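The values are calculated or read from the model by the stated rules, or taken from the named source; none is laboratory data. Everything numeric here is computed off the predicted structure, so don't read it as measured data. Please note: Cβ atoms are built from the backbone with ideal geometry, for glycine as well, and neighbour counts cover all protein chains shown. Note: areas computed on protein heavy atoms with side chains; ligands, DNA, RNA excluded. Shrake-Rupley method; radii C 1.70, N 1.55, O 1.52, S 1.80 Å.
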Amino acid sequence: MTNSEIADAFDELASLLEFTGANPFRVRAYRNAARTLRDLTEQISSVANDPERKLTDIEGIGDDLAAKIQGLLTTGELPLLTEMRSKVPASAMALLRIPGVGPKKAASLVKELNISTLDELREACQQHRVQHLKGFGKKTEELILLGLELAGEANKRWYWIEADGFVRELKHHLQGAPGLERLEAAGSYRRGKETVGDVDLLAIANEPNAVMDRLAGFPSVADIIGRGDTKLSLRLKSGLQVDLRVVPAESFGAALLYFTGSRDHNIELRARAKGLGLKINEYGVFRGEKSIAGQSEEQIYAALDLPLFPPELREARREFEWAAEGKLPKLIVVDDLLGDLHMHTTATDGQATLEEMVDAAEARGLKYIAITDHSKRVTMAHGLDAERLRAEWRAIDKLNKSRRKIQVLKGVEVDILEKGGLDLDDDVLSEADWVVASVHYGQNQPREQITARIVDALKTPHVSAIAHPTGRIISRRKPYELDFDAVLQAASDYGKLLELNSNPARLDLDDIHCAMAKEHGIPIVISTDAHDTESLALVRCGVMQARRAGLAKADVANTRPWEQIQKLIGRN
């Protein structure tokens, strides 16, 4: 089992235990273990199989958790999870889909009102039976009814780029609000998470009601969830919830830090503050009753003897360790990239011609690009055979003779065949400047088989990099079974690169895998996989993901001139 699968098992177990009223410390232990496993930069199976190491060497993993992890790795089963599933009906767990109904409230609904389905919950709310339960009330009952109506939309998560579109529209709309002095987005959006569940906006304004009125008048508002003196919560027609808070200027930095999160990063800050005899919250940093910082995030971190952490790093992974060692990385930015090494044209499944893609890339200031149309195996994309590919390369040669500002590389995205091997012969691939190999078929093969296919591709002399190495589509397709440690070792052994695909539905490699590659000294290639000219701008999604992994300019291959990349992929 992979780290993610074991983490999912622990998260489910934690929810089931909380549902049945188990000890909260026990629940927290499983949730913390799940998070530890998701953030681990190597497969837990590698630790378990190493005679020189112990699972308990991992922070937060004690003997009991280690035994359960070992059991999952050995048998794929967790007896306690099976037992808990038998005690809690699956229909009852459906209540957790309603915004604001956590395991404790769901348990109360089941035990007190014998509710186990969403339809029964709706009927109980309409009969006003829910509001009389301890811990609920009339307002909670109304919110549950609203949540039931919007359950499908309310549980949706948006790709970061979609949330970014909403944020930009909201900011533009609020620009004209009387008295508005500053407006920032916080939450998981600001941290650059792959998906965003809601949007938090923080404002400084001398007329809070005017700003809230302005937001309430946004054309896409579906309903107002709640409004107070300085806070407005609403839901857009898309289902996205937006929370606006108007805060004093002297507390804005503290509020921005607090509502940006992550929760675990904030917990670490509170513990550090306590150790210094201070208190930190969304209003500022306090020594006793006296505020000593709060206006800016820089002030807050300085008061705790910490550097200003980029929002993308605030996940309580390694940022505090890096800060203690004076090794906080200077994270990569979009302008560091000199080239884009994965894109398609109308020769296969792209929407723009060769000339149009080159013109668009040149307009963005890129120094080089690789045209990597599909090979023949990808029939649905009208993939290129050797003859058509060589014809495209001749067109690229001709184009390069007429241009000086950008270099166009003769590339191809060659398929890694289901039986192993590549879709084009060596004599063809040897003529390319850049070859990305990828898996499009046979994604459900056993772990050993699909790993062997990718490792063999990395051994092939003419392959430069592996494109979208785990094959995931966020929220739609899980990564295929893959021994990523073996892939990293092969990439290191044979001097090959791994791609971070900037398509917001892929972002493959993810941030954890990118961090693993960095630890192995394997440069990442941030590419757009653009199929039209506008998609070249999606590179910022890839850069955001790289920043979450802690990657600096030197960790990314295409921050170098093309001549240096040639030496890099030829080092072995």
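Annotations for the structure displayed:
- Two-decimal ratio, segment 358-443, of alpha-carbon radius of gyration to 2.2 N^0.38 Å: 1.16
- Farthest positive-ward along segment 1-122 dipole, Cα basis, beta-carbon charges - from GLY76, THR117, ALA14: THR117
- Rg followed by Dmax, in Å, when the chain is reduced to its Cα trace: 26.1, 79
- Rg and Dmax of segment 317-360, based on Cα coordinates, read 18.9, 52 Å.
- In the chain, Cα pairs under 8 Å separated by at least six residues give a relative contact order of 9 percent.
- Computed packing ranks the peptides 224-231, 508-515, 374-381 as 508-515, 374-381, 224-231, most packed first, by mean other Cβ atoms within 10 Å.
- Beta bridges assigned by DSSP with both partners in the chain are antiparallel in approximately 50 percent of cases.
- Surface per residue (accessible, 1.4 Å probe) for segment 266-349, Å²: 50 Å²
- Extension reserve of the ALA48-ASN281 stretch, reckoned as 0.36 nm per residue once the Cα distance is removed: 79.9 nm
- Full extension of the segment from ARG403 to ASP264, taken as 0.36 nm per residue of separation minus the current Cα-Cα distance, would add 44.9 nm.
- Compared with the dominant principal axis of the Cα atoms in the chain, helix 103-113 is inclined by about 50°.
- Around the amide H of LEU338, modelled in the peptide plane, lie the amide H atoms of THR559, ARG560, all under 5 Å away and 5 or more residues distant in sequence or on another chain.
- Extension gain, ASP456 to LEU118: 0.36 nm times the residue separation minus the Cα-Cα distance gives 116.6 nm.
- Overall, the accessible surface of segment 95-232 at a probe of 1.4 angstrom is composed of carbon and sulfur to the extent of 45 percent.
- Seen against the Cα atoms of the chain and their longest principal axis, helix 138-149 is set at about 30 degrees.
- Rounded to 5, the percent of DSSP beta bridges in segment 373-463 classed as antiparallel: 10 percent
- Here segment 341-384 was treated as a single set of alpha-carbon atoms; its pair distances binned every 10 Å from 0 give 30, 51, 17, 2 percent.
- Entries in LYS401/LYS567; LYS330/LYS496; LYS367/LYS410; LYS87/LYS111 that, when Cα-Cα distance is taken, lie over 20 Å: LYS401/LYS567; LYS330/LYS496
- Relative to the longest principal axis of the Cα atoms of the chain, the long axis of helix 539-548 lies at roughly 60 degrees.
- Taking amide H as placed 1.01 Å from N in the peptide plane, ASP198 has no amide H partner under 5 Å among residues 5 or more places away or on another chain.
- Area of TYR480 that stays accessible when all protein chains are in place (1.4 Å probe, Å², to 10): 20 Å²
- Whichever lysines have a C-alpha closer than 27 Å to that of LYS54, once near sequence neighbours (fewer than 8 apart) are set aside: LYS68, LYS518
- For VAL556, the amide hydrogen comes within under 5 Å of the amide hydrogens of ILE524, counting only partners 5 or more places away or on other chains and with H modelled in the peptide plane.
- Sequence-separation-based contact order of segment 1-99, relative, with Cα cut under 8 Å and 6+ spacing, percent: 32 percent
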